Every structure is written in structure tokens, then in C-alpha cells.
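Single-structure report; data block below.
The values are calculated or read from the model by the stated rules, or taken from the named source; none is laboratory data. Keep in mind it's a predicted model, so treat the numbers as computed, not measured. Cβ placement follows ideal geometry from the backbone for every residue including glycine, while neighbour counts extend to all protein chains displayed. Quick note on the areas: whole protein, heavy atoms, side chains included, nothing else; ligands and nucleic acids left out. Shrake-Rupley method; radii C 1.70, N 1.55, O 1.52, S 1.80 Å.
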Amino acid sequence: MINPGNNMHAEEMIDSDLDSDLENEKEMKKTSAFEADMDDDLESEMALAGIPGNLLMEGEEDDLNLDEIENILELSDTTYPKFTLAKNKARFLRMVSWYRGKEEWIEVAPLSGVTKLFKQQTKELEGIRSSKLDYEMELETGTLTPSQRSYRRDELKMCKVQEKMAVHLISKLQVKIKSGRR
């Protein structure tokens, strides 16, 4: 007769191995910052909400001019853009992490991978710019409630930030592609 205690331990180990494999697979499938920033990360949202000065209060404006920033990835933690919602700040931090990882990856990546990422980021940039225009037009209509207006400003800022990071990454990818084909 089989000892049920030993069998239960083996099943638990298999379950935990499957869970970790699924988590690793999810991480590997994140091929763009857009996909990475859509994760729900309540812990980081709650942590960010508790940090004073990290989020904008009602009616407060962020004094950071995104147009003057060459590379958002070079900003220090204290000079990051401020957002109204903690979830947007968390999305921003995940995006920064994703783009930093891709910049490091470019150094060792095969040319085929770099070319694939270049095509993907170029296509994604079109979507980012389209969303940015939509938010700009919505904000100009003047028909939004204050909370809707605040949310749209956050989303517009997120689009501007993502656009800058994508353009920066695309330029690095172009350099790698040109140097790799010589």
C-alpha cells in the first residue's frame, strides 16, 4: 500500500514546480513594455501610495517638462515624473525597468533578435502616438469631469514617457543593426 503522506509531498513539489514554470513562461512572453506595464502589481502600488511626494494630489501639477528630457532612463528616482494614481507610477517604474533591461540586452543580442525588436518597437510606437493624440484631443474638449481630466492627464503623461523611451530604444537598435551589418 502506498503511504499517502509521501505522495502528498511529491504532488506539492510538482505543483510548485509547475507554478514556477508558469511564472517564468509569463515573464519570458513579455516582449514589450506595453505588455509589461499591464500587470497588476498591488504591492508596489500600495508601497508607492505610502511614499509622500511620489504622487500628485488633487489639483497639483507636475513641474517636470518631459520635452526637455533627453533620456528618461538617466533620471534619478527623485526626479521621475509624478502621477496622480499609484498604479500609473507602478506602471511607469515597470516600464523603466523593462527599457533598461532591453538596453542592456542590445549589447549582447544577436542581430536577428535586435531586428525583430526594432520592428516590434516601431509598430508599438505608432500605437503610443495614436493614444497620445486621443488623450490630447479629449483634454482639449473641456467636457471631462475633474477626475476624468486627472486620469487623462496621467495617461497622456504615460504616453509621452513611453514614446520618449521607445524612440530612445529604437535609435539604439538602429545603431546596433547598422554596426552589425558591416
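Could you list all residues from the stretch 99-116 that are in contact (Cβ under 8 Å) with a residue 60 or more places away in the chain and either surrounded by 13 or more Cβ atoms within 10 Å (Cβ to Cβ) or at positive phi (or both)? If you could, list the steps in order and put the result at the bottom.
Of all residues in the stretch 99-116, those in contact (Cβ under 8 Å) with a residue 60 or more places away in the chain come to 99, 102-103, 106, 109, 111, 114-115.
99, 102, 103, 106, 109, 114, 115 - these are the residues of the stretch 99-116 that are in contact (Cβ under 8 Å) with a residue 60 or more places away in the chain and either surrounded by 13 or more Cβ atoms within 10 Å (Cβ to Cβ) or at positive phi (or both).
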>> Filter the stretch 68-98 down to the residues that are part of a helix (DSSP H, G or I), of a type outside the set (D, E, K, R) and either closer than 12 Å to residue 173 by Cα or open to solvent by 50 Å² or more (accessible area, probe 1.4 Å) (or both) and list them by number.
In response: 78, 79, 93, 97
>> Please pick out the residue among 155, 124 that is in contact (Cβ under 8 Å) with a residue 24 or more places away in the chain and within 18 Å of residue 87 (Cα to Cα).
In response: 155
> From 144, 111, 125, which residue is more than 30 Å from residue 181 (Cα to Cα) and out of contact with any strand residue (DSSP E or B) (no Cβ under 7 Å at 6 or more places or on another chain)?
Replying inline: 144
>> Within the stretch 70-105, take every residue that is among the β-branched types (Val, Ile, Thr) and within 18 Å of residue 162 (Cβ to Cβ) and give me the one that is nearest to the chain's Cα centre (by Cα).
In response: 96
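Just the residues that are small (Gly, Ala, Ser) and farther than 21 Å from residue 85 by Cβ, please, taken from the stretch 128-151.
Residues of the stretch 128-151 that are small (Gly, Ala, Ser), as a first pass: 130-131, 142, 147, 150.
Those that are small (Gly, Ala, Ser) and farther than 21 Å from residue 85 by Cβ: 130, 142.
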> How many residues does the stretch 143-163 contain that are farther than 14 Å from residue 66 by Cα and open to solvent by 60 Å² or more (accessible area, probe 1.4 Å)?
Replying inline: 7
> Only one of (1) open to solvent by 80 Å² or more (accessible area, probe 1.4 Å); (2) free of Cβ contacts under 8 Å to residues at least 60 places away in the same chain; (3) farther than 30 Å from residue 78 by Cβ fails for residue 181. Which number is that?
Replying inline: (2)
